Each structure stands twice: as structure tokens, then as C-alpha cells.
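To start, I am sharing the structure in question, which I have written as C-alpha cells.
The values are calculated or read from the model by the stated rules, or taken from the named source; none is laboratory data. These figures come from a predicted structure and were not determined experimentally. We place every Cβ from the backbone using ideal geometry, glycine too, and count neighbours over all the protein chains shown.
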Amino acid sequence: MNTERTLSRALWDSICSLKLAMTLLLTLAITSIIGTVIPQGNLAPQYVTSIGPAKLKLYQTLGFFDMYHSWWFVLLLGALAANLAACSCKRLPQIWRTVTRPVTTLDEGLRKSLPNHATFAAPQSARDLKDRMVGILGSCFAKPLVTEQDGVYHLYAEKTPWCRLAVYAVHLSILVIFVGAIAGSLFGFKGYVNIPEGGGVSQVAGAGGKTIDLGFVLRCDKFSASFYDTGAPREFKSVLTVLQNGKPLQGFDHVPIIVNDPLTYRGITFYQSSYGKAGRHVFRVSDPDGGNASTITVPSDGEARLPGGGGMHVLEATQDVAPFEPGRSGPAANIEVHGAAGQTQRIVVYANHPELNLQSARKNGGPVFSYLSGSESMYTGLQVARDPGVGIVWLGCLLMVVGVYCAFFLSHRRVWVRIKDGEVVVGGNTNKNPAGFELAFERLVQTIKGELAPGEKK
């Protein structure tokens, strides 16, 4: 029986230990780096190809692509929550007794244990001294509690005793944040959608390719982008409308969004994430003498394979090249050609100038490209998120800020006074900032002496 009790106590002490808390926090901090280094959610094909099938299978097994929902990360959070709860359960009762049932009488044992105390004579009766001391403490410190024992009066006053519970408010805030994160994980989602200009969607792609029904239609009325002189994007903006039963909703009609200024409807938030071109371009590829001709369709945001190996994609296209190349007219496209041996060429291909296409082919030593037709429009890329736990997380953060402030900047200050005929004994202590309290205690003692005009007794 004793052995069982000893083992249980050892296990309980281990769960409550500060070492376990620090180990878990350090482990969570280190493992969180995985979520920063390794892409989360839907993976780009290029990344899948770069890591190879063996690493891909290993990462999928360990849940690295959705790390914050993986079983082992949730287990670490659960262990930290259990450690915080156990620490609070172990230490809270003692602190609670200190706050709610303080020692209100100053005996000799308590006086000797206090770091701050003073004794001086006062030529008045204990009753008169008590009445005067109640007024002094009430004005200079806090209203005291008065106790009488065998003709001796004991006064007890304190400030902010509840600040001792602040550390448990911090513990609770962490648990509340965990609850909010779990609520978001279980009942929320994150997804992505591309909407062409003028088009609308009622579904988005979630993690693992899962289709999520929005319950309404989101339409992209207009997309615009501005650029710096270097070509880098300055700002890209979407104008969105929410449609319910085919009709625009008041207050959600033609709403502009930019990066860091999203649209939220029914708890679902749409963030401006990316943009691109949607459409296709048609080319004719042939030998310089016109033989071996074939037609190739190239998507605006993709690449097409060439008959002889290699591939091509469209960098830019226009329906009239005249503003860019005076003296020429008609559609044209700037393409990038990747040879089978890895070489890369950039070529301007015209629809109405076959002689220029032939001249370019002879110069580059490749096939002749002719631009037949093309159409494209802009699309907006939106990140979609629904997190019902975000309010709970904010509540936890607010509780943490208040708890940390109270834990670090407030202290539980206590003052005891023992009064008997002709003598006053004053003692005090604090749970934080003893140097500051010592100065305040000395000022309080000087105030009492000045009011009572005592002579200090050694």
C-alpha cells in the first residue's frame, strides 16, 4: 500500500513539475518550425516532385503537411494542458487559503518571521490607540480588520490579495486558447478558390482536395492590379458580391478587398491571396518549309508540350501589337520555349506577320511558331477560412494579458498592527517587490509615529 502511494505521489509530482512544462513548451516551439519550413495544406506539384515519393510518404504518415492537426501535435498540446491543470490543482488550494483566510493576529512568532517590523511606545490606552490606528491605516494604506484578544487589539489590512491568483488566470487563458484552437480545428476549415473576373463560385477546395459548400455564391465583379516600375505588384484588388438565391445581398454588394482587408460573411472570411490569367492561346508549329505542321493549345497559366520534345508557355499576349511595335498590327504573343536539351528561348510570335515568324525561326534554329488566336481574362485567388474558435482564442488572449499584468505589476501587501496599553507593534510583508514595499513600510511607520508621537522602543 505504501509503495502504491509512493508511486502515485511520484507520478503526480512529475505531472505537476515545472521541468515537464518547460520541456513541453520547448518541444512545441521546436516542432512548430516544421509548420513553417514544410508547406501546409494543398501541395504544389513542383514540391511533390522535388521531395520524392519516399519523403512524401513519410511526411504524410507523420502529418507534416497538416502539422497543427496531426495526432502528435495535438498530443503535445493535451499534455501541456494536463500539466497546467495539474499544477493549478496542486498549488491553488494553498494560495486560496492565503487569500480568503489570512492570519489576522500578530503574535511573536509571526512578528519575528516578517522582514519589516517596528515596535515603539505610545502613551495612550489600547482602546484609544486602536481607534486612532484604524483611521491612520484607513487613510494611508487600507481599511483594517480589528480583532481583540485578552485586551490586546490586532489590526490587519491588505491590498490586492487577489493578484496572487493571477498566475492561475494565465494558466486558464492558455487552456481557453487551446479550447478555441480545437473548436476551430473541429468545426472550421481552410480552403482556396480561383474566381475568374465576372464568374462566381459556391464551393471551395479544402485540405486534401475536399470540396466545401459555402451555402451561397461569391462573384468576382472586377479585378485590378497595379505595379511598380520594376514590374513587382504594388496592389491587387478584387470587387466581390455575395449572392443568395441569385440576388445580391445588401451590404455585401460590390465589396472591394485587398491584402489584409478581407470580406467576412456568415463567419467565412475571404482573403485576397493571389491572382493570375485564365484562358488559352492557340499556336501553329511547323518546320521552316511548312512541313510537319501541328496545332498546340497553351493554357494562360500552364505549359504545353512540343511535338519534338520540350515545352512552351505564354509570358504575355495582346490582341493588337501596334501600340508596342509601331508599324505592325494584329495579335501577338511573347512565349518562352524550353528545348528538350534544357535550353530556353524567348520569342515574339505574330498572327499577321509570318515573315517575322520565319525570320525568328531561322535565327534561333528552331521550328516556326504562328499565333492563331487567344483569349484570356484575369482571375482572383482567394484564401477562404472559417474559424468558430477565433472568439474563444481572443478571449483567452485578453485573459492572458490581464493575468500577466496582474502577476508582474501588482503585489499582495499586508500590514499587521498589535496594540496594547503603551505599546504599538507594526509588521508587514509583500509577495513581490520587497524593496519597494520596504520604502512604503518605512513611510507608514513614520506617519504612525508622527500621529501618535511615540518614542521608539529598542
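Select, from Gly41, Gly78, Gly35, Gly52, the only residue that is modelled with pLDDT under 90, at positive phi, out of contact with any His (no Cβ under 6 Å at 6 or more places or on another chain) and surrounded by 12 or more Cβ atoms within 10 Å (Cβ to Cβ).
On the way: Gly78 fails: at positive phi; Gly35 fails: at positive phi; Gly52 fails: surrounded by 12 or more Cβ atoms within 10 Å (Cβ to Cβ).
Criteria check complete, one pass: Gly41.
Can you tell me which residue in the range 129-145 is surrounded by the fewest Cβ atoms within 10 Å (Cβ to Cβ), limited to those that are more than 17 Å from Arg414 (Cα to Cα) and of a type outside the set (Lys, Arg)?
So in the range 129-145, the residues more than 17 Å from Arg414 (Cα to Cα) come out as 129-132.
If we keep only those that are of a type outside the set (Lys, Arg) as well, we get 129, 131.
Values: Leu129: 23, Asp131: 14.
By that ranking, first place goes to Asp131.
Can you pull out the residues in the range 315-334 that are touching a residue at least 40 places away in the same chain (Cβ under 8 Å) and part of a strand (DSSP E or B)?
Matches in the range 315-334: Ala317, Ala333.
While we're on this one: Could you name every one of the strands (runs of 3 or more DSSP E) located completely within the range 213-306 that has at least 2 residues being more than 32 Å from the chain's Cα centre (by Cα) and buried (at least 17 other Cβ atoms within 10 Å of the Cβ)?
Where strands (runs of 3 or more DSSP E) fall fully within the range 213-306 and carry at least 2 residues being more than 32 Å from the chain's Cα centre (by Cα) and buried (at least 17 other Cβ atoms within 10 Å of the Cβ), they are 268-286, 294-299.
To continue, here is another question. One residue is enough: does the range 409-429 have a residue meeting the conditions surrounded by fewer than 16 Cβ atoms within 10 Å (Cβ to Cβ), out of contact with any strand residue (DSSP E or B) (no Cβ under 6 Å at 6 or more places or on another chain) and free of Cβ contacts under 8 Å to residues at least 12 places away in the same chain?
Yes, the range 409-429 has at least one match.
Quick one: would you say Leu106 is under 30 Å from Val415 (Cα atoms), among the aliphatic types (A, V, I, L, M) and touching a residue at least 40 places away in the same chain (Cβ under 8 Å)? Quick ask: steps written out before the conclusion?
Numbers: under 30 Å from Val415 (Cα atoms): yes; among the aliphatic types (A, V, I, L, M): yes; touching a residue at least 40 places away in the same chain (Cβ under 8 Å): yes.
Considered against the rule, which asks whether it is under 30 Å from Val415 (Cα atoms), among the aliphatic types (A, V, I, L, M) and touching a residue at least 40 places away in the same chain (Cβ under 8 Å), Leu106 comes out as yes.
Is it the case that Lys363 is closer than 30 Å to His171 by Cβ, basic (Lys, Arg) and either surrounded by fewer than 19 Cβ atoms within 10 Å (Cβ to Cβ) or not assigned by TED's automatic domain parsing to the domain that holds Asp150 (or both)?
When the stated conditions are applied, Lys363 does not pass them.
List pairs: first in the range 385-397 and within 15 Å of Pro262 (Cα to Cα) and in contact (Cβ under 8 Å) with a residue 24 or more places away in the chain, second among the hydrophobic types (A, V, I, L, M, F, W, C) and surrounded by fewer than 19 Cβ atoms within 10 Å (Cβ to Cβ), Cβ under 7 Å, 6+ apart or cross-chain?
Once the first residue is within 15 Å of Pro262 (Cα to Cα) and in contact (Cβ under 8 Å) with a residue 24 or more places away in the chain and sits in the range 385-397, its partners that are among the hydrophobic types (A, V, I, L, M, F, W, C) and surrounded by fewer than 19 Cβ atoms within 10 Å (Cβ to Cβ) give Arg386/Phe189.
Scan the range 241-264 and give yes if some residue there is in contact (Cβ under 8 Å) with a residue 12 or more places away in the chain and within 29 Å of Val349 (Cα to Cα), otherwise no.
no
I'm trying to understand the selection: among the residues of the range 14-28, which are among the hydrophobic types (A, V, I, L, M, F, W, C) and more than 9 Å from Leu80 (Cα to Cα)?
Within the range 14-28, the first condition is being among the hydrophobic types (A, V, I, L, M, F, W, C), and the residues that meet it are 15-16, 18, 20-22, 24-26, 28.
Within the range 14-28, Ile15, Cys16, Leu18, Met22, Leu26, Leu28 meet the criteria.
For Ser375, work out the one condition from (1) assigned to a helix (DSSP H, G or I); (2) loosely packed, with under 15 Cβ neighbours inside 10 Å; (3) within 50 Å of the chain's Cα centre (by Cα); (4) touching a residue at least 12 places away in the same chain (Cβ under 8 Å) it doesn't fulfil.
(1)
With respect to Arg127, is the statement that it is of a type in the set (Lys, Arg) and either touching a strand residue (DSSP E or B) at 6+ places or on another chain (Cβ under 6 Å) or in contact (Cβ under 8 Å) with a residue 40 or more places away in the chain (or both) true? Can you show your working first?
Working: of a type in the set (Lys, Arg): yes; either touching a strand residue (DSSP E or B) at 6+ places or on another chain (Cβ under 6 Å) or in contact (Cβ under 8 Å) with a residue 40 or more places away in the chain (or both): no.
In short, no.
Sticking with this one: Given the structure, is Val201 modelled with pLDDT of 90 or more, surrounded by 14 or more Cβ atoms within 10 Å (Cβ to Cβ) and over 21 Å from Val393 (Cβ atoms)? Steps first, answer last, please.
Values: modelled with pLDDT of 90 or more: yes; surrounded by 14 or more Cβ atoms within 10 Å (Cβ to Cβ): yes; over 21 Å from Val393 (Cβ atoms): yes.
Considered against the rule, which asks whether it is modelled with pLDDT of 90 or more, surrounded by 14 or more Cβ atoms within 10 Å (Cβ to Cβ) and over 21 Å from Val393 (Cβ atoms), Val201 comes out as yes.
Also: Just give me the residues in the range 187-221 being farther than 21 Å from Phe65 by Cβ and β-branched (Val, Ile, Thr), in sequence order.
Residues satisfying the conditions are Ile195, Val201, Val217.
Continuing with this model, one more query. Do we find a residue being in a helix (DSSP H, G or I) and over 46 Å from the mean Cα position of the chain (by Cα) anywhere in the range 85-108? Reasoning before the result, please.
Narrowing the range 85-108 to residues in a helix (DSSP H, G or I): 85-100, 108.
So of that shortlist, the ones also over 46 Å from the mean Cα position of the chain (by Cα) come out as 108.
Yes, there is a match, as at least one residue in the range 85-108 is in a helix (DSSP H, G or I) and over 46 Å from the mean Cα position of the chain (by Cα).
Please verify whether the range 342-357 includes one or more residues that are within 28 Å of Ser273 (Cβ to Cβ) and either touching a strand residue (DSSP E or B) at 6+ places or on another chain (Cβ under 8 Å) or not β-branched (Val, Ile, Thr) (or both).
No, the range 342-357 contains no residue that is within 28 Å of Ser273 (Cβ to Cβ) and either touching a strand residue (DSSP E or B) at 6+ places or on another chain (Cβ under 8 Å) or not β-branched (Val, Ile, Thr) (or both).
Under the condition of being under 16 Å from His412 (Cα atoms) and among the hydroxyl-bearing types (Ser, Thr, Tyr), which residue from the range 146-165 is surrounded by the most Cβ atoms within 10 Å (Cβ to Cβ)? Reasoning before the result, please.
First, pick out the residues of the range 146-165 that are under 16 Å from His412 (Cα atoms): 156-165.
From what is left, the residues that are among the hydroxyl-bearing types (Ser, Thr, Tyr) are 156, 160.
Details: Tyr156: 19, Thr160: 14.
For the range 146-165, the residue satisfying everything is Tyr156.
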